[in-house]
Amino acid sequence: MADIIRDKNQSLGILGRWEAKRAVGLEEEPAKDAVNHILVVDDDAMNLLIAKRILAKQFEVHTVTSGQEAFDLLKNQLVDLILLDIRMPQMDGFTFLQIIKDDLTYRDIPVICLTADSEQESELKCFELGAVDFISKPFIAEIMLQRVTRILELSRLQKELQKEVEKKTMTLNRRSQQLNRLTIQVMKTLASTIDAKDKYTNGHSVRVAEYSKMIAVKMGMTHQEQEDIYYIGLLHDIGKIGIPDEIINKTSRLTDEEYDIIKTHPAIGFEILEKMSEIPEIAIGARWHHERYDGKGYPDGLKGEDIPFVARIIGVADSYDAMSSKRSYRGILPQEHIRGEIARCMGSQFDPEVAKVMIQIIDEDKDYKLKEW
Ligand SMILES: [Fe+2]
């Protein structure tokens, strides 16, 4: 036995150097929490004693004689590494290892299996179950120390790397949130630029975006689709940028020619937005939000479900806002009147399903808050 448990003072490396420095008063004792805790699980008391003698000078060693005792200890004691005997009565090492690796709390603790020289199959099974290394019995102090130190160092590096990845991921997430906010701000600025052209449609684009999103929520669309429809709503009228101000702001009746010019804004919007390939529906919403369910809309006279769904939603929200905001020739229409108009035009101007949802939203808006202020 004495041959096997050699005196390790020389091979302890860090500890030996620290002890030498401490002797001449150069270095403080390392903080207790900086010392690694090792759990040794072995039903053989002699093996536990040997392992403890090898490791105790460098590490805080905890010894238990069964898997159950090990779990009891782990409830109250964090450990950095487990040395695990494979052949144990009741719960053998494989079972213990399996449980540890299936448990989120313990799965990252590195496990080194303790095996007899002849147990090659067991060693293979240890690796398959997630052990990081194995040490053959009888223990050779040098090898045990080297392996334990190496695995602890690897585990430390892994944790540092993981922390670094988490830090970088957090930075990236923060950056991505900033970009999202910037995107919304840019789009809102664009939307207000469009609305500013027309002195009677102040805030129109943002309201259409909000109403469209409310419809999308009620229709059970995904979170991403709800976000997208908001953007689509914000930019649906961007084509108005290409319409002369004097036509847009004309308070008297438009001539047929002027009306034809107004009717070019969906196509102009489509041309501007079709390069925004990230959300192609933005261009789609701009092009087809003036189509009608009965096919009598513009610019392409699409009918029914040939009109893209997002455009059918924008169409309803757009008309609702037109009625619930001021015009040069009239004030905000009464809520009951708007409800009646949407119900009347269900299936002719509007997609019936979308219109039904809009009516539901109106009915829930008891104080008529959804209007221009
Ligand atoms: Fe429009």
Query raised in the report: Just checking, which of 184, 215, 243 is of a type in the set (Val, Ile, Thr) and within 21 Å of residue 299 (Cα to Cα)?
Result: 243
Requested in this report: May I ask you to say which residue of 311, 322, 317 is within 16 Å of residue 203 (Cβ to Cβ), in contact with a helix residue (DSSP H, G or I) (Cβ under 6 Å, 6 or more places away or on another chain) and assigned to a helix (DSSP H, G or I)?
Outcome: 317
Requested in this report: Would you check if residue 214 is on the phi < 0 side of the Ramachandran plot, at pLDDT 95 or above and outside any helix (DSSP H, G or I)?
Outcome: no
Query raised in the report: Which of the following residues is out of contact with any Asp or Glu (no Cβ under 8 Å at 6 or more places or on another chain) and either more than 16 Å from the ligand (Cβ to nearest atom) or at pLDDT 95 or above (or both): 366, 303?
Result: 366
Query raised in the report: How many residues does segment 249-263 contain that are touching a residue at least 24 places away in the same chain (Cβ under 8 Å) and more than 11 Å from the ligand (Cβ to nearest atom)?
Result: 2
Requested in this report: Output yes when any residue across segment 228-237 is free of Cβ contacts under 8 Å to residues at least 24 places away in the same chain, away from the ligand (no atom under 15 Å from the Cβ), under 30 Å from residue 181 (Cβ atoms) and under 37 Å from the mean Cα position of the chain (by Cα), and no when none is.
Outcome: yes
Requested in this report: Have a look at 201, 251 and point out the one that is surrounded by 15 or more Cβ atoms within 10 Å (Cβ to Cβ), in a loop (DSSP other than H, G, I, E, B) and hydroxyl-bearing (Ser, Thr, Tyr).
Outcome: 201
Report task. Go through segment 80-176 and tell me which strands (runs of 3 or more DSSP E), entirely inside it, have 3 or more residues that are under 21 Å from residue 35 (Cβ atoms), in contact (Cβ under 8 Å) with a residue 24 or more places away in the chain and not assigned by TED's automatic domain parsing to the domain that holds residue 55. Result -> none
Report task. Report, ordered by the first and then the second residue, all pairs with beta carbons closer than 6 Å, sequence separation of six or more or different chains, a first member in segment 306-332 that is assigned by TED's automatic domain parsing to the domain that holds residue 237 and of a type in the set (A, V, I, L, M), and a second member that is within 14 Å of the ligand (Cβ to nearest atom) and assigned to a loop (DSSP other than H, G, I, E, B). Result -> 307/291; 311/289; 314/236; 314/289
Requested in this report: Evaluate segment 306-315: report whether one residue or more is charged (D, E, K, R) and either within 14 Å of the ligand (Cβ to nearest atom) or under 15 Å from residue 225 (Cα atoms) (or both).
Outcome: yes
Requested in this report: Considering only segment 264-278, state which residues are buried (at least 19 other Cβ atoms within 10 Å of the Cβ) and either touching a Leu at 6+ places or on another chain (Cβ under 9 Å) or not assigned by TED's automatic domain parsing to the domain that holds residue 317 (or both).
Outcome: 269, 273
Query raised in the report: Has segment 212-224 got at least one residue that is closer than 14 Å to residue 312 by Cβ, within 16 Å of the ligand (Cβ to nearest atom), in the same structural domain as residue 327 (by TED's automatic domain parsing) and not charged (D, E, K, R)?
Result: yes
Query raised in the report: What are the residues in segment 360-373 that are under 22 Å from residue 309 (Cβ atoms) and surrounded by fewer than 17 Cβ atoms within 10 Å (Cβ to Cβ), if any?
Result: 360
Report task. Could you check residue 274 against (1) touching a Phe, Trp or Tyr at 6+ places or on another chain (Cβ under 7 Å); (2) more than 16 Å from the ligand (Cβ to nearest atom) and say which number it fails? Result -> (1)
Query raised in the report: Do we have residue 310 as within 35 Å of the chain's Cα centre (by Cα), surrounded by 22 or more Cβ atoms within 10 Å (Cβ to Cβ) and more than 18 Å from residue 262 (Cα to Cα) here?
Result: yes
Report summary line: Note on residue 191: of the conditions (1) surrounded by 15 or more Cβ atoms within 10 Å (Cβ to Cβ); (2) away from the ligand (no atom under 16 Å from the Cβ); (3) more than 25 Å from residue 301 (Cβ to Cβ), unmet is (2)
Requested in this report: Using the structure shown, decide if residue 240 is among the basic types (Lys, Arg) and either assigned to a helix (DSSP H, G or I) or within 13 Å of the ligand (Cβ to nearest atom) (or both).
Outcome: yes
Requested in this report: Output the number of the condition that residue 293 fails; it satisfies all remaining conditions of (1) in a loop (DSSP other than H, G, I, E, B); (2) buried (at least 21 other Cβ atoms within 10 Å of the Cβ); (3) within 15 Å of the ligand (Cβ to nearest atom).
Outcome: (3)
Query raised in the report: Checking residue 213 against (1) among the charged types (D, E, K, R); (2) touching a His at 6+ places or on another chain (Cβ under 8 Å); (3) surrounded by 22 or more Cβ atoms within 10 Å (Cβ to Cβ), which test does it fail?
Result: (2)
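The values are calculated or read from the model by the stated rules, or taken from the named source; none is laboratory data. What you are looking at is a predicted structure, and each value in this text was computed from that prediction instead of being measured. Every residue, glycine as well, gets a Cβ built from its backbone with ideal geometry; the counts of neighbours run over all protein chains shown.
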